Amino acid sequence: MQLSRRSALFAGVMAASVAFGITTAKAEQFINVLTGGTSGVYYPLGVALSKIYGEKIPGVRTQVQATKASVENLNLLQQGKGEIGFALGDSVKLAAEGNEEAGFKTPLDKLRGIAAVYPNYIQIVASKDSGITTLDGLKGKSLSVGAAKSGTELNARAILTAAGMSYDDLGKTEYLPFAESVELIKNRQLDATLQSAGLGVASLKDLSTSVPITVVAVPESIATTLGAPYVAATIPAGTYEGQTEDVSTVAVVNFLVTHSDVSDDLAYEMTKQLFENLPDMVAAHQAANAIKLEEATKGMPIPLHPGAERYYKEKGML
């Protein structure tokens, strides 16, 4: 009888332990936030998002991963090596189509949308010493176009093509991250940099306070030639040191993207906590001022994640 009771007690303890273990394993979820280079806008926003998720979603552990941005982020999401990531709208569209030239060997069919966030402004900045004042003035000069096959580099190709130019027209093409491009310009080893980022990106602020610069205009006709997801935009006067006038350019919307293997509940929470904690995002970077709930589903190049869709239906957005 004593043995039977002990056996029953042991079995009960084991059952409880197993049940507890299953509950714990289910409750603890991991969110890897895929960003970009540390001197860009994706990174500080990703850090803020990671902190929000870690504090607001029960049982979640978070991590921020610095990457080469859009193209790498989308490929990592397809492979299940991240739960949410930032990417440019044109990169998302090309990923869904499987554009090999853009860095996608096959269509990335697992990508799912969370939200449209803020526009990236194509910002071409040259040193005053370079003498570059127009887009055409880049001919024969050295230009950094971002990491090879990054979202920024895809933007650079598109802009130059629409202007009737190519890399062959440049004196030299460098494929460098934002911060490295800036350092080369400071050292007079590079004439200009094209950076696709939110307004007031740290790298260009640093450059403008270090050497005299020219913010090069991209005519509205370029946006018309390119079409969606590109739109005409303006870099307001005073965005960078020494920039005394508004400068025309083009912009393309950024999206937060996840993948189909992320649970509906987690995708719902990731969407909800983003919009319920926008002041924390704005505190991380001013670009987040452009994140609006009413704009969240506009122009989404891929299907929404069902979890995100549930949130938008609750809010009357769908």
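Checking the structure you have, find out if any residue of segment 196-209 is in a helix (DSSP H, G or I), under 19 Å from Gly137 (Cα atoms) and not assigned by TED's automatic domain parsing to the domain that holds Gly40.
Looking through segment 196-209, none of the residues is in a helix (DSSP H, G or I), under 19 Å from Gly137 (Cα atoms) and not assigned by TED's automatic domain parsing to the domain that holds Gly40.
The set of residues in segment 193-217 that are surrounded by 19 or more Cβ atoms within 10 Å (Cβ to Cβ) and over 22 Å from the mean Cα position of the chain (by Cα) comprises Ile213, Thr214, Val215, Val216. Take the residues in segment 131-153 that are of a type outside the set (Ser, Thr, Tyr) and in a helix (DSSP H, G or I); name whichever of them is surrounded by the most Cβ atoms within 10 Å (Cβ to Cβ). Looking at the filtered set, the residue picked out is Gly151. None of Ile124, Ile114, Ile84 is in contact with a strand residue (DSSP E or B) (Cβ under 9 Å, 6 or more places away or on another chain), closer than 19 Å to Gly198 by Cβ and in the same structural domain as Gly200 (by TED's automatic domain parsing) except Ile124.
Considering segment 54-102 alone, what residues qualify as being part of a strand (DSSP E or B) and basic (Lys, Arg)?
Across segment 54-102, the qualifying residue is only Arg61.
Within segment 147-169, the residues that satisfy the criterion of being of a type outside the set (A, V, I, L, M) and either under 20 Å from Ala228 (Cα atoms) or touching a residue at least 24 places away in the same chain (Cβ under 8 Å) (or both) are Lys149, Ser150, Gly151, Thr152, Glu153, Asn155, Arg157, Thr161, Gly164, Asp169.
If you go through segment 227-246, how many residues are in contact with a strand residue (DSSP E or B) (Cβ under 7 Å, 6 or more places away or on another chain) and in contact (Cβ under 8 Å) with a residue 40 or more places away in the chain?
Here the count works out to 6.
Out of Lys128, Lys110, Lys186, Lys172, one residue alone is over 20 Å from Ile213 (Cβ atoms) and surrounded by fewer than 22 Cβ atoms within 10 Å (Cβ to Cβ). It is Lys110. Only one of the listed residues (Thr297, Thr249) is more than 25 Å from Ala202 (Cβ to Cβ), in contact with a strand residue (DSSP E or B) (Cβ under 8 Å, 6 or more places away or on another chain) and not aromatic (Phe, Trp, Tyr). That residue is Thr297. Considering only residues that are in contact with a helix residue (DSSP H, G or I) (Cβ under 9 Å, 6 or more places away or on another chain), modelled with pLDDT of 95 or more and assigned to a helix (DSSP H, G or I), which ones fall in segment 159-179? Of everything in segment 159-179, those that are in contact with a helix residue (DSSP H, G or I) (Cβ under 9 Å, 6 or more places away or on another chain), modelled with pLDDT of 95 or more and assigned to a helix (DSSP H, G or I) turn out to be Ile159, Leu160, Thr161, Ala162, Tyr167, Asp169. Under the condition of being closer than 22 Å to Gly227 by Cβ, small (Gly, Ala, Ser) and either within 11 Å of the chain's Cα centre (by Cα) or in a strand (DSSP E or B) (or both), the residues counted in segment 103-117 number 2. Considering only residues that are more than 16 Å from Lys313 (Cβ to Cβ) and over 17 Å from the mean Cα position of the chain (by Cα), look in segment 258-275 and name the one that is surrounded by the most Cβ atoms within 10 Å (Cβ to Cβ). This residue is Val262.
The values are calculated or read from the model by the stated rules, or taken from the named source; none is laboratory data. What you are looking at is a predicted structure, and each value in this text was computed from that prediction instead of being measured. For neighbour counting, all protein chains shown are included, and Cβ atoms are generated from backbone atoms with ideal geometry for every residue, glycine included.
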